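The values are calculated or read from the model by the stated rules, or taken from the named source; none is laboratory data. None of these values were measured; they are calculated from a predicted model. Heads up, the Cβs are rebuilt from the backbone with ideal geometry, glycines too, and the neighbour counts pull from every protein chain shown.
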Amino acid sequence: MSNRYYIPGAAAAAAAAGRKEGKNKTESSSSAGVRGMGGLQEALDFIPRYTGLTPVTFFTVVALVMGIYYLITSLLPPAPVKTPVVLPLPPPIQLGEVTLEELAAYNGSDPQKPLLMAIKAQIYDVSQSR
């Protein structure tokens, strides 16, 4: 009994006959569909070699394990979601016109003061992105 599993069809049988006669892979398969199935054929050959199971048995076991996993996870309660504690933002402050030296005091080094940024003569409070 052979360890090879072939895709049914005349082209696959012709490719198998060509391999037995010693032809290389490109000579034995005349259609592009058969050449594209080499990876699938190799995967089907590896399953019994590494697991000792036929491909049908292997994929049945995989399907059963996945089914049992989904059954068990659906019966268990979901894990609690931990949300980080977010402190409320301080109310906005009105500064009016501010010089560069006064704005430098709001650079984020003091956690009690807001973090301010000036862009094109507009002052923005960016304290949330600390």
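Quick notes on this structure:
- Selection within segment 82-101 - at negative phi and either in contact (Cβ under 8 Å) with a residue 40 or more places away in the chain or not aliphatic (A, V, I, L, M) (or both): Lys82, Thr83, Pro84, Pro88, Pro90, Pro91, Pro92, Gln94, Glu97, Thr99, Glu101
- The test for being surrounded by 10 or more Cβ atoms within 10 Å (Cβ to Cβ), in contact with a strand residue (DSSP E or B) (Cβ under 8 Å, 6 or more places away or on another chain) and of a type in the set (Phe, Trp, Tyr) holds for Tyr106.
- Checking every residue in segment 23-30 against the condition of being closer than 30 Å to Gln128 by Cβ and either modelled with pLDDT of 85 or more or in contact with a helix residue (DSSP H, G or I) (Cβ under 6 Å, 6 or more places away or on another chain) (or both) gives zero matches.
- Subset of segment 80-122 [assigned to a loop (DSSP other than H, G, I, E, B) and among the aliphatic types (A, V, I, L, M)]: Val81, Val85, Val86, Leu87, Leu89, Ile93, Leu95, Val98, Ala105, Leu115, Ala121
- The residues in segment 90-103 that are over 42 Å from the mean Cα position of the chain (by Cα) and surrounded by 10 or more Cβ atoms within 10 Å (Cβ to Cβ) can be counted, and the count is 5.
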